[in-house]
Structure formats: C-alpha cells, structure tokens
Amino acid sequence: MEVNGNAGRFGLQGDPDLQFLLRGGDLVKVKSNKWRKTRFFRLSEDCKTVLQQTSKKFKKDSSFSLEDIDSVRYGRQTEGMLKYTDSDSSVEDRCFSIVFKGRRSNLDLMASSKEEAQRWVSGLEKVINSMDNLNRLQNSEHWIYDCMRKADKNADNQMSLKELKHFLRHINIVVDDDYAEMLFKQCDTSNSGTLEGSEIKHFYNKLTHRQEVDVIYGKYAHTNGQMSSSDLLNFLQNEQREPVSLDYAHKLIDTFEVDEIAKVNKHMSKDGFLIYLNHEEGSIFNPAHKAVYQDMRQPLNHYFISSSHNTYLMEDQLKGPSSTEAYIKALSKGCRCVELDCWDGENGEPVIYHGHTLTSKVLFKDVIKAIKEYAFKTSQYPVILSLENHCTIAQQNIMAHHLTSILGSALLTQPLGRNMPTAFPGPEELKGRILIKGKRLNKLDAAFNNNATEDVDSVSEEDEAAELKEGEPKPKGKTSNKIKLAKELSDLVIYCKSVHFSNFDQSRDNQAFYEMASFKETKAMNLAESSATGFIHHNMDKLSRIYPAGSRTNSSNYNPVPLWNAGCQIVALNFQTPCKEMDLNQARFLPNGKCGYILKPEFLRDPDSQFDPVKLSVGPWLKKKTLHIMIISAQQLPKINKDNKRSIVDPLVRVEIYGVPDDNASKQTHHIEDNGFNPMWNIKFQFTVHVPDLALVRFVVEDHDVATQNDLVGLYTIPFTSMQNGYRHVPLLTKRGSLIPSAGLFVHIMVIDA
C-alpha cells in the first residue's frame, strides 16, 4: 500500500527540506512572558500533519494539519511574539509563528538558531505550496490514499476485509457487508485474503470510477474508442460552448494527456479527459477572470470596493479581543477599506477599540505598522483607512505623526496632479497608495492654497460609534458629538472627506465629489428600496460607505446585495464572522484577480441610466437569460460528525440566486442516504435571470437531518458572468471560505438568451 507515497505526489521525493521536517526537532513554545516550554515537533509520514510531543508522548489534540495553516511568518511577526519577547529582541532571528485559519490561536515558536528557524519556515512553506498546487484529481488521490493509510491499522501495507470496511466508512460511504465482500473478492486476485500492491490499485480504480464521465466521454470519443483532437474540439464547441480552435484542443491534449501514444496521435484518452475536467480549464469559474482583466483606470467611485467594518475585532462587538491580526487577515482576503476606531490611550498613545465596550485595546501605531506590512501583499490597488476619530487634539497629532512616519511615501498626502481635481483618480493611478477617510476642516482646494481658511474648528462625528442606543445615557460630561480636529490629521484627508448626508439633492448641489457619507444599514436599505435610482446617481458622483447596525453586537452581517444593486461602493461587513453574507462578499470579489475592486456595470455608471433594481424596466441592464443547471454528482464530501466513526453524510444540494429582487430564487435536490463519497443526483433546475451583471449563483451542500437543522458540508458562490457553460466541476469551501481540497460537485451549466 502506498502509505509513504505522499512526498512523491507532492513532487518532493528526497527533498532535503521535507526530510528536515520529517526528522523534526525541539522548539520552544512561547505563550506568555513566563510560559516558555520546549516541545518536539515533526511532520508525520502523511506529509500533511504536524505532530507535537511533550516529554512523554505525542499529543493527538496538539497536532494540526498543514491545510489549517494560513501563513508561516519568520521573525517576531505576531502580537504574542512581540509582546512576550519584547525585552529580548536578540531572539528575533530565531523566532517564527504559525498562523491558523479561523479562530485558532497562533503558535509562536523559537528555534535554537537562525538557520534552524529559517529551515522550518522554508520547509513548511514549500510543502504547503506543493499541496496548494495539486489539482482536484491529485487532491482526491492524496485524500483516498491517506484514508487507506489510516485504515491499515497494523501498518503492514495490506488491507484485510475488516480494514476495507473501516476504510469505506472513513471515506463517507456505507455499503452492506455482501457488497463489501464482493468488491474485496473481485480485487483479491491472489486469493490471499488481503489486498496488496496491484490489487490495491485495482480496488482504487474501481472505487474512483466515474460512470457519469464515461457517458460524456463515450458520446464524443469516435476515434478507435478515444477522442481525436477533432472529437475534443466538437465537445469544447458544442458542449462547453467555448469559441476555440483546433490548436486549443491540441494544447489541452499536450497539457493533460498521460498516455504518450495517445499524445503522439493527438488523441485524448479517458484518463486525460478526466484530468482536464478536474483542472481549472474544466472548472465552473472562467479562468479568464482569474487575473485582473477589468479597466482599472475608471474613477474610484465606479468600483465596488471590498470593505471591512470594525476591522480590529476578532469576535463580537462588546467584549471580544481587538488585534492587529484582524487587519492582517482582512487585508490578506483582498479587503481594501479597513476601519480604525481611535480613542485616547495611556502614555499619550492613541488606541483602537470599540468605544464604551469591554473589547480589548490595541495601539494605533501597531495597527498602522501591520497595515504598512500587509496592505499590498494580496493586491497592489489602494487601501482606504476609514478613521473614526474620538481623540483629543494632542493624540490626533500623534496619530498624524504615526501615519506619516510609518506609512511614508505610501500615504497619499496631496491630490494627484498639479491642479484641483474634479473627479476621482482610478485604482491604477493609486496603486500602492494608502488613502485616509475622515473629517477635514476645510475644502480640498486648501491643498493648493496655503492661505485657505478653515471652515470650522470642530467637527461632528457622524459615524456609528457616535450613535447611542435608544435609552442609553450619554457618557458623563458629554454634551455633544462635536470634537476638535487637529489640522495635521485633517490635512491627510484627500479624496475621502466624511460629511453628513441630508438628501440626494443637497449632496448633488452642495457637496464636492470627494465628500462622502456613511449610512447605517437600515437607512441605506430604505434608500435602496424607495429611492434606488436616486441612490445610484448619487453613487455615480460620490463614494458611499454602508455599515452594520449597532444592534448587531454578535458581529452578524446584513445582506450586501441590495446595496451593490444601488451602486454603493464601500459596503462594510464584519469580516471575522463566517456567514452567507461574507460568502456573497467573497464571491463578488472573486474575479479580477481578487484585487478588492470590481468595476460596476455600465448602467450603474452612465449618467443617463434610469436603472431601478426594484422596479425593472426595459434598458441595457435587461439581458434576460435562462440558466439551466444539472446537478450530476459530488465527490469526496467531508464527514461532518468526525467523532462518530459510523456517521455518514446524507447530502443534498441547493442552488440559490442572489441579485435584483426579480432574480432571487432557490431550488434543491433530494438527499441521498449514507453516501458522501460519490452521490449521484442528475437533477435539472431552471432559473430566469433578468440582470445577469448583478447576479450571484450559490451552491450549498448540506447533510440532511430529519430531527435538527441541516449541517453545512461545503459551499461555493460565483458571479453569474464568471460561470462557464458545459460540464464543470464546482470546488467546495468551508464556512470560513477555505478550500476543501478533495471535495467538489459535478454539474452541467447552460445559459441561453430568454
């Protein structure tokens, strides 16, 4: 049995960095100033699990999968490491940290030398990158062989009938004893009572046989039982609806065909065809949308901008921790607008936290340092810092100092060009720049006129922290929401000056393009429903920021889709909360290189447009389509209740459409009992989509439960306009948006003009 073949599947057979990880070594865990303990760490033989050993034994609950790692950081690059090694900066070169996905605490470690720390970091990154580069078919094979290894209880590289039954339960499928015995006998050609070597390979092939793919392949393989390049072209043009040439078919054969004789004959075998279907060319997501492909020179307000609310919070809004880590995670997800709630702190240093609550505090300067480090690792396009300023003049001056000294040339301190602008620059012109959103004492013209006078010496703080809950007494001594504003901080606000919103007419007639309002979700939703066209035209000239209601103390989110439909750009969500709304946000910003900017459709930018998403009329936005979706099958769905070894999922699939109100819809399949390994539905759905440019399509796989609410198995959401026609594999993500490597749906998509 190939229980030690994972290194080969990763392309790392004999790699010295991998061998170093497999041997392992002592590392010091750092949990506080006083808690530092030596533990032995090593990579297990499966090449995907890190084991941790105390002085006595390996602790199962302390092990972790490489798939759970978000990043590996060399040096003192986490809050914990900075805090607990602050007095000993000489250990900088020996430190590294493992940052996990989700809410698991960071693992801060110290090696015995700089070289050893670098070896751990480079080795872990190499194996993780190798895992990430596996295609779906390779991930599937890796997962199945890993399950085989776990089922091989006595590690003799053979599989008994009992172990085979255990293995089938492990991969999420229930079969009766007679079928399991029949399958075992068919593969046990040596009649030895165990499967080994080629018999296991035979068993694997029978297990992973894709009958539905056989049918598709057989329909088009008209050349001696194989697909010729002409047959493949016929499939691509007629089934996949791709406008491609014979040269493209040849390219696919050269790329994916594994049989050398078939490749020489310009044929594609069934194995090559399956590999193609599992690669990105066979994915539902159009690979042409994977990189930045949109015009990035339009004015900034012509884009949807990925935006976070109360970015500093890791959990709830009342007592949860504040952390620089929350900013790093948001920026790493492509977020381009983050929020900083600034208050006076001790020792003259401003802090960030949710005012008048028990949330913990983080230093303003530490947040700015984290933003400087991570702002442009995922995307080169501009980052907006939305300041909510509650500080005294003295600490505002400290804020201005930190912004200018830490961010340096990345901070935009003057409008682009020599003359007073009349419109926003585009994301392309602002690449690598950080913009400040906040209050400003005067008009932007002052940047070109040193003699300009200030409008006022105090400014009303309009944003969400100033909104007291009904019946809540004002803080002692607080008579108004007006604060003094430091000129040094005011002057850093260039294209995003915060102003009060009264109505659309007042904004149009009295406010400059760079003056922008923030709307609480309830007000924004009312405007989007009752005055959609007016809101859309407001957003053609100005930026709008939407934020969750203060009543969402658990950090839940509102539906962003109606606000996007109204052209709102900065629709801020609680990034720390896994939910349907964040899933929709992830999908909205999935195309265009995940850069955090999506160009709004023309009808949300054209001043002559009369588009109203609530009351649809005839116009360029009305591109009515009929969407035919066939849910064919799923592969290698994860077990939900891992504690119960006999628990098997009963999967069902739901397809949801989100867009203008007329397009919102949902349909689902029946559930299939006791089969999460290869369930088959062959169920057809039909949807009518009136405004495809704003529609999102969401696939949800759930474990059916009669007694309780269904459990989520996996999901995937995609913009309607980024879907590919034909037979496609749909990847599946966890509720936190991480890829489930081996799992997926197989569907057929057909979009036609209605």
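The values are calculated or read from the model by the stated rules, or taken from the named source; none is laboratory data. No experiment lies behind these values; they were computed from the predicted model shown. For neighbour counting, all protein chains shown are included, and Cβ atoms are generated from backbone atoms with ideal geometry for every residue, glycine included. Just the protein is used for accessible areas: all its heavy atoms, side chains included, with ligands, DNA and RNA removed. Shrake-Rupley method; radii C 1.70, N 1.55, O 1.52, S 1.80 Å.
Summary of computed values
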{"item": "Spin-label zone in the stretch 499-516 - amide nitrogen under 20 Å from a point set 7 Å from the Cα of PHE448 along the C-beta vector", "result": "510-516"}
{"item": "Distance from the stretch 186-226 to the stretch 642-716 (C-alpha centre basis), Å", "result": "29 Å"}
{"item": "Extreme residue, positive dipole direction of the chain, given options LEU622, GLN506, ASN106 (C-beta unit charges)", "result": "ASN106"}
{"item": "Efficiency of FRET between GLU280 and ASN347 - r from beta-carbon atoms, R0 30 angstrom, step 0.05", "result": "0.05"}
{"item": "DSSP bridge orientation in the chain - percent antiparallel, rounded to nearest 5", "result": "75 percent"}
{"item": "Whole-Hz ³J(HN,Hα) from phi, Karplus 6.51 cos²θ - 1.76 cosθ + 1.60, for the stretch 276-285, glycine and proline x", "result": "4, 4, 8, 8, 5, 5, x, 7, 5, 7"}
{"item": "Accessible surface, per residue, of the chain when the full set of protein chains is kept, probe 1.4 Å, Å²", "result": "43 Å²"}
{"item": "Rounded to whole Hz, the Karplus (6.51, -1.76, 1.60) HN-Hα couplings of the stretch 534-541, x for glycine and proline", "result": "x, 5, 4, 5, 4, 7, 6, 9"}
{"item": "Extension gain from ASN265 to LEU622, taking 0.36 nm per residue of separation minus the Cα-Cα distance", "result": "123.8 nm"}
{"item": "Amide H within-cut-off set for GLY714, under 5 Å, with H built and near neighbours excluded", "result": "VAL701"}
{"item": "Nearest-0.05 FRET efficiency for ASP705 and SER530, computed from C-beta distance (R0 30 Å)", "result": "0.15"}
{"item": "On Cα atoms only, tilt of 229-238 relative to the major axis of the chain in degrees", "result": "50 degrees"}
{"item": "Carbon plus sulfur fraction of accessible area for the chain, probe 1.4 Å, in percent", "result": "47 percent"}
{"item": "Sequence-separation-based contact order of the chain, relative, with Cα cut under 8 Å and 6+ spacing, percent", "result": "11 percent"}
{"item": "Which of PHE687, ASN664, LEU733, positive extreme of dipole for the stretch 660-754 (C-beta unit charges)", "result": "LEU733"}
{"item": "Above-threshold pairs, the threshold being 24 Å between Cα atoms, out of LYS153/LYS639; LYS290/LYS369; LYS437/LYS523; LYS263/LYS594; LYS37/LYS372", "result": "LYS290/LYS369; LYS263/LYS594; LYS37/LYS372"}
{"item": "Part-to-part distance (alpha-carbon centres) for the stretch 259-302 and the stretch 79-104, which is given in Å", "result": "40 Å"}
{"item": "Relative intensity, log₁₀ I(q)/I(0), of the stretch 345-455 from a Debye sum that treats every alpha carbon as a point, q = 0.12 Å⁻¹", "result": "-0.51"}
{"item": "Distance between the stretch 144-181 and the stretch 372-423 - C-alpha centres, whole angstrom", "result": "58 Å"}
{"item": "Simple label model, 7 Å out from Cα along Cβ direction - HIS500 to ARG36, nm", "result": "5.5 nm"}
{"item": "Column: log10 I(q)/I(0), Debye, Cα scatterers of the stretch 142-223, q = 0.10, 0.20, 0.25, 0.26 Å⁻¹", "result": "-0.28, -0.89, -1.26, -1.35"}
{"item": "HN-Hα J in Hz across the stretch 671-679 - Karplus 6.51, -1.76, 1.60, θ = phi - 60°, x for Gly and Pro", "result": "8, 10, 7, 6, 8, x, 8, 8, x"}
